Amino acid sequence: MSQTNEKFLEVNNLVVEYITGKQVVHAVNGVSFSLDKGHTLGLVGETGAGKTSIAKSIIGVLSDPPGKVRSGEILLEGKDLLTAPEEDMLQIRGKRISMIFQDPMTALNPVMTIGDQIAEVVALHSESGNTHEAKETALEMLKMVGITPERYDDFPHQFSGGMKQRVVIAIALACNPELLLADEPTTALDVTIQAQVLEMINDLKEKLNTSMILITHDLGVVAEMCDDVAVVYAGEIIEQGSKEDLFDHPAHPYTHGLFGSLPSMAKGQKRLHPIPGLTPDPTDLPKGCNFSPRCPYATDACRQGDIPLTELTPGHTCRCCNLGHLEKKEG
Ligand code: SF4
């Protein structure tokens, strides 16, 4: 990860569980990372790895019950969001931290005009609460995301999927958040407009110096948008480092499997490679390394205790006790 003194966001030993009946789903198991101002961290991994739970914990929208942050810290400029009173979180949500969800339809109110939906968020977080000013800001945001002001009074059903996602992005950015959490922001979109929407997010992010956590399955998106990458598997970060570390020097067998034999920063590569086998049952995780049931290099040592993170080079860490596997394979 990038090393500077200013840690805008620090997540330390985050543990998230969901209680379903008598079972405990271990969704996030001691995740730690940090993010600098203006930087983008990509969270990659298979569906169900815990990426969305990490993002929801940061913005404080894990439903409770059944979702619960069991332990850890989420420090935003040193202030722990997990112990912040709900009235503070109401201010922080939308104003300092926004989230773009995967499906634009679930994020929009079907019976409210799109302009009013943007203006409502602006008014909620403005000191004056002035509705005229909120409308002006909403019109500016529409323009920024490439929607003409004449469409202010249209309803969501009058927009295509791509245009709806633009509205969602306008809402997320309306209060100029310092941190944007984007959960597969282009998955629901037609491939032809995915690039356009990502470019727009990048432009707005640069203009407003927004930090971002980007959850994606798309390695092309990681290559284009991210500074750092964390690979999440069964609720743990198993490797993290700069984008260059992960693309050019992947160390964990899982990262190798996901990234496949990619040419450096391959822009043509889209989806993560499928890996034989299934992710472990989060209600019954294996002893030792969570990846051991699928790992071709697993030894008895891998199935003993917790596997610590090893720092390979400054900022590049990997959770594997058998890091000689790659040399052996290549030899
Ligand atoms: Fe494979 Fe063992 Fe490394 Fe886990 S710790 S990834 S099982 S070699």
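The values are calculated or read from the model by the stated rules, or taken from the named source; none is laboratory data. What you see is a predicted model; the values in this text were computed from it and never measured. Quick reminder, even Gly has a Cβ in these numbers, built from the backbone with ideal geometry, and neighbours come from all protein chains shown. Accessible surface is based on the protein model in full, side chains and every heavy atom, while ligands, DNA and RNA are left aside. Shrake-Rupley method; radii C 1.70, N 1.55, O 1.52, S 1.80 Å.
The stretch between E127 and M112, if pulled fully straight at 0.36 nm per residue, gains 3.1 nm over its current Cα-Cα span. Expressed as a whole percent, the accessible surface of the chain that belongs to carbon and sulfur atoms is 52, based on a 1.4 Å probe.
Helix content alone sets the calculated 222 nm mean residue ellipticity of the chain: runs of n ≥ 4 DSSP H residues at -39500 (n - 2.57) each, divided across all residues, give -9500 deg cm²/dmol. Each peptide among 166-173, 200-207 gets the average number of other Cβ atoms lying within 10 Å of its residues, and from highest to lowest they stand as 166-173, 200-207.
I'd like the GluC sites (Glu not before Pro) in region 83-147 restricted to DSSP loop residues with at most 16 other Cβ atoms within 10 Å, sorted by number. Here the sparse-neighbourhood loop sites are E127. Extension gain for T313-V191 works out to 40.3 nm (0.36 nm per residue, less the C-alpha to C-alpha distance). Residues R319, R151 ordered from highest to lowest accessible area at a 1.4 Å probe: R151, R319. Secondary structure note: in the chain, about 65% of the DSSP beta bridges are antiparallel.
How high is the relative contact order of the chain, in percent, with contacts defined as C-alpha pairs under 8 Å that are six or more residues apart?
Numbers: 624 pairs, mean separation 66.7, N = 331.
Relative contact order here is 20 percent.
If amide hydrogens are placed 1.01 Å from N in the peptide plane, which non-local residues have theirs closer than 5 Å to the one on S71? So S71 has HN proximity to V15. Accessible area per residue for the chain is 46 Å², calculated with a 1.4 Å probe on protein heavy atoms, without ligands, DNA or RNA. Segment D203..E136, full-extension length gain: 22.0 nm, with 0.36 nm per residue of separation and the alpha-carbon distance subtracted.
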